[in-house]
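Report on one structure; see the data block that follows.
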Amino acid sequence: MKIFGKQLFRPRSIWIRRVVQWFFFLFIALISVNHTLVESGGGIPFLSTASLHALCPFGGVVTIYQYATVGTFVQKIHESAFVLMIVGFVLAFLFGPVFCGWVCPLGTVQEWVSKLGKKFFKRKFNHFVPAKLDNILRYLRYVVLAWVVYVTATSGTLIFAEYDPYFALFNFWSSEVAVGGLVILGVTLLLSLFVERPWCKYACPYGAVLGITNLFRVFQIRRVESTCKADGACSIMCPMNIPVDSVKTVRDHQCISCLECTSEAICPVAKTVVFNAGGIK
Amino acid sequence: MNLTSKPLAVIIFIILFGGISFSTAMGWWATESTKEPVTFTEGEFAGQYNPADIRGSYTFGDVENSFGIPSVILAQAFSIETDNPAAFAVKSLEEIYAASEFEIGTASVRLFVAFYNGLPIDLSTDMYLPENAAVLLKKRTLTPEQITYLEAHTVPNPTASSASDSPEPAPAQETESAPEAVTTPSASTTESSTERLVKGKTTFQEVLDWGVSQEIIEQVMGAPMPNPLTKIKDYCNEKGLEFETIKTALQVEVDKVK
């Protein structure tokens, strides 16, 4: 808030991100409910009745192999998932994994649960896992990615649906949901009390794919060393525990482009941690 | 060039919904399989929809759109009591008739539609219909072969516990023949009403996973097996093979493995 040109209150978080997250959570939840209603003869007018599989960009990723070799999609996957995959890649190429930080409803729900964890554990929250172990576990999601792609390619079926917490989150009321998915969702939500976004950090195969774009994306998180006060606020705030204060440009594969570390949010010095495209004036 | 949160939020919406709108405009956006069956390509019925391509994901409304049989008639045939028969999914029949000794499902709808509209369908495999469907079909024009098949493949209507009562119970005189027809189906079909069923969506990989060797599959197909991820039905359609025949032969091999 500005009064007579002076900054009296500076927002401490990116509120617009919360709005976007709420929007997509409600949007997907309504579509999922509508899908169930339509199957039982009802339905909400003017709202999509698509299944969750049709609206998941990761479905596009897992069907690439079959599409390339046979020319068909994996069962339950449709053209829409392919389109969303491409849109997701465009966004990630430009801005990094904004899909994870701004759109994905499972990430949003984990953040909501984590708010409770922050209240309980204060500064200890999100620092329970020893650094060495944490560093290793961060690569687990690439193992999950390799496994999902392999089993889908060899079976031609969407085996990951049996374990997918995202599908379970929006289908827990339906007979389509698998026990494995519900268990993993429960464990994820429980862990969210101790760790910020545990599924995203350690297991999400789609996050693994998008995370690679952090190495070459157009818009990067950059820290201006000349004005940096080295107070470490950016690193403390980062939900993915990235040491922003020790790098000039964030290229960590776990960054979700939430912008919470920037001067627009936690960094107290203007234009010091910024989100910019280096070569574009 | 610096970017802040608000423009980024706007850009996310533009790219996401712009991408969806663009793909919709280009005809690339589809969130479900097309609900339009393939057509007969040759013969007397060329150009007409082929009931053998009705899928489990179709609703009675989809069947009505393609074949002109009112959803109400379909609901009556399969003893489905609902305010909105057009929304009833064909695949739900399997759940409703789960207690039935013989499988009533998508194949049953294909058979009913074919007989109702006088369209050809391969009768070399066992497909079953409930009594109500048989009663309705007997009012249509059937060939002697179709009547014989129908009499041998009619099963009782579902019980009140598994499905609602028939909206219009068949006349007692007309349903009299059903009980004796129930005794004729073969035992092998009963065995196959488990999870390991060769269906329209089954791939060669699934048959391999069920323990049938590639050699046997190739013997059945009479040709080298394509990419295992290919759906058997797609392959049959592409090669001009009769899917129902191949399906039955493969099912026999699958059942042998059990």
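Could you tell me whether A:Leu193 is farther than 24 Å from A:Asn135 by Cα and surrounded by 15 or more Cβ atoms within 10 Å (Cβ to Cβ)?
The answer is no for A:Leu193.
Looking for something surrounded by 19 or more Cβ atoms within 10 Å (Cβ to Cβ), within 14 Å of chain A (Cβ to nearest Cβ) and either among the acidic types (Asp, Glu) or closer than 24 Å to B:Thr245 by Cα (or both) - is there at least one such residue anywhere in the range B:81-90?
Yes, that holds for at least one residue.
Among the residues of the range B:11-53, how many are more than 9 Å from chain A (Cβ to nearest Cβ) and of a type in the set (A, V, I, L, M)?
6
Here are the criteria: (1) within 14 Å of chain B (Cβ to nearest Cβ); (2) more than 25 Å from A:Phe24 (Cβ to Cβ). Tell me which single one A:Val143 does not satisfy.
(1)
Assess whether A:Val20 counts as being under 24 Å from A:Ala208 (Cα atoms), within 25 Å of the chain's Cα centre (by Cα) and at pLDDT 80 or above.
Spelling it out, A:Val20 is indeed under 24 Å from A:Ala208 (Cα atoms), within 25 Å of the chain's Cα centre (by Cα) and at pLDDT 80 or above.
Out of (1) under 17 Å from the mean Cα position of the chain (by Cα); (2) not in a loop (DSSP other than H, G, I, E, B), the odd one out for B:Val72 is which?
(1)
Part of a loop (DSSP other than H, G, I, E, B), polar (S, T, N, Q) and over 20 Å from B:Gln146 (Cβ atoms): is that true of B:Ser124 in this structure?
no
Looking only at the range B:127-145, which residues are surrounded by fewer than 19 Cβ atoms within 10 Å (Cβ to Cβ) and either assigned to a helix (DSSP H, G or I) or not assigned by TED's automatic domain parsing to the domain that holds B:Ser71 (or both)?
B:Lys138, B:Pro144, B:Glu145
Would you check if B:Ala107 is farther than 18 Å from B:Pro70 by Cβ and assigned to a helix (DSSP H, G or I)?
yes
Each row is one residue, and each column tells you yes or no for (1) touching a Leu at 6+ places or on another chain (Cβ under 8 Å); (2) part of a loop (DSSP other than H, G, I, E, B); (3) surrounded by 13 or more Cβ atoms within 10 Å (Cβ to Cβ).
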{"position": "B:Trp29", "(1), (2), (3)": "no, yes, yes"}
{"position": "B:Ser33", "(1), (2), (3)": "no, yes, yes"}
{"position": "B:Gly47", "(1), (2), (3)": "no, yes, no"}
{"position": "B:Gly56", "(1), (2), (3)": "no, yes, yes"}
{"position": "B:Val63", "(1), (2), (3)": "yes, no, yes"}
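In the list A:Pro45, A:Pro105, which residue meets the criterion of being at pLDDT below 90, more than 12 Å from chain B (Cβ to nearest Cβ) and on the phi < 0 side of the Ramachandran plot?
Step by step, each of A:Pro45, A:Pro105 is checked, and only A:Pro45 is at pLDDT below 90, more than 12 Å from chain B (Cβ to nearest Cβ) and on the phi < 0 side of the Ramachandran plot.
Given the residues B:Val182, B:Val212, B:Val198, which is the only one that is β-branched (Val, Ile, Thr), at pLDDT below 85 and not assigned by TED's automatic domain parsing to the domain that holds B:Phe40?
Result of the check over B:Val182, B:Val212, B:Val198: B:Val198.
The values are calculated or read from the model by the stated rules, or taken from the named source; none is laboratory data. If you're wondering where the values come from, they're calculated on a predicted model, not measured in any experiment. Here the Cβ is made from the backbone with ideal geometry for all residues, glycine too, and neighbour counts use every protein chain on show.
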